[in-house]
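In what follows, a single structure is set out as structure tokens and then discussed.
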Amino acid sequence: MNPLPINDDIDVIHFGSILEEIQEAIAKEEPEGQVAQYIPELAKVDPAKFGMHLCRLDGESYSIGDSDEKFSLQSITKVLTLTLAISLIGDKVWDRVGVEPSGSAFNSLTLLEVENGKPRNPLINSGALVIADILVSHLSDPKKDFLHFVRKLAGSADIHYNYQVAQSEKDWGYRNAALLNLMKSFGNVDNDIDTVLDLYFHMCSTEMSCAELSRTFLLYANGGKLVDTGERILSRSHTKRVNAIMQTCGFYDEAGEFSFKVGLPGKSGVGGGIVAIHPGQYSVAVWSPRLNRKGNSALGMLALERLTSLSGLSIF
Ligand code: GLN
């Protein structure tokens, strides 16, 4: 076996041919896992879809497969809601939610009971529900304001909620309602349960393509500034913190595995998307709807592992 390259110069890396190599490798893989079943609207998605898009900070970009088709972002939006909450109340966010990996499933209730209703981190459901509660308290029209914020980060007005997906999740939202009720019993939820759930389900239903998603996350590779306009959305220090949380908590009880195999900060969602960033270099999004048992895209993980192995460019 040839030794893997180790690169510190992004300009010697041929991302175009690396993505083609990934596409060939993915086509040979046996399908593993299942499309998310617990949100009936998501269960209808074609499991064979696969897309990937990488944007460099200098504007170069590379795509393969269904990279322009929109999919449900689901938990990937937890990074965006956290960003909006930090931009509204800064470090006060950490009074309500922790920064430790949970080592349990994204929708687990167990730790909350023993930890007095303070979620381990903002990238699991309980944490994102507390963040949604903060947004309800601080925005005049939370659903509209969040979408407006995401459109600004994406540099596109063509980003929308999928109302059928939001309704479908609401119809089966018992666990999220349980999480909120439990946290409210500890005094960590200020607003009415149904209002917070409604915002949360809509946020999760936001749709983007891999191309739109990787562009949106360039912000986190660019020290907190929008690439197109130079507008600062997060301070450098807050960007470092959000990236650190993605690295340690972005994949629930598979965060260690993702760090070990891919070695980049990232976030997954049960729609089958994964986005990852290399600070100072690039942002990459991949979509394949079949999920492994931890709720992360099986082929998406594999594709990103290949990307960092073949490029030899790592943050570690
Ligand atoms: N909307 C989903 C839920 O609350 C998000 C979960 C996910 O993407 N991991 O269960």
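Values as computed for the structure displayed
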| quantity | calculated |
| --- | --- |
| Mean Cα-pair separation over length for the range 1-83, i.e. relative contact order, pairs under 8 Å, 6 or more apart, % | 23 percent |
| For the chain, calculated [θ]222 nm from helices alone, where every DSSP H run of n ≥ 4 adds -39500 (n - 2.57) | -13000 deg cm²/dmol |
| Shape call, the range 178-305: gyration tensor on alpha carbons, a/c limit 1.5 | oblate |
| Candidates Ser268, Ser235, Ser185: whichever shows maximal mean-square fluctuation once the chain is modelled as a Gaussian network with Cα springs under 10 Å | Ser185 |
| At 0.692 mPa s and 37 °C, Stokes D of the range 19-148 from Kirkwood alpha-carbon radius, µm² per second | 186 µm²/s |
| Candidates Ser75, Ser108, Ser63, ranked by Gaussian network fluctuation over the chain, Cα under 10 Å, top entry | Ser108 |
| Lysine pairs in the range 1-98 with Cα atoms under 21 Å, if 8 or more residues apart or on separate chains | 5 |
| Burial order of peptide ranges 28-35, 84-91 (average beta-carbon count within 10 Å, highest first) | 84-91, 28-35 |
| Most mobile listed residue (Asp95, Asp192, Asp133) in the chain, GNM with C-alpha springs under 10 Å | Asp95 |
| Residue order, fewest to most beta carbons within 10 Å, for His202, His160, His238 | His160, His238, His202 |
| Total lysine pairs under 26 Å (Cα atoms) in the range 113-258, excluding pairs fewer than 8 apart on one chain | 16 |
| Kirkwood Rh, angstrom, the chain [1 / mean 1/r, Cα pairs] | 19.4 Å |
| Protection proxy ranking, peptides 281-292, 148-159, 303-314, average beta carbon neighbours within 10 Å, highest first | 281-292, 303-314, 148-159 |
| Orientation-averaged projected area, Cα convex hull of the range 238-316 (nm²) | 4.7 nm² |
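Every number in this text was worked out from the coordinates using simple rules, so none of it is lab data. Quick caveat: nothing in here was measured; it's all calculated off a predicted structure. All Cβ positions, glycine included, derive from the backbone under ideal geometry; neighbour counts span all protein chains shown.
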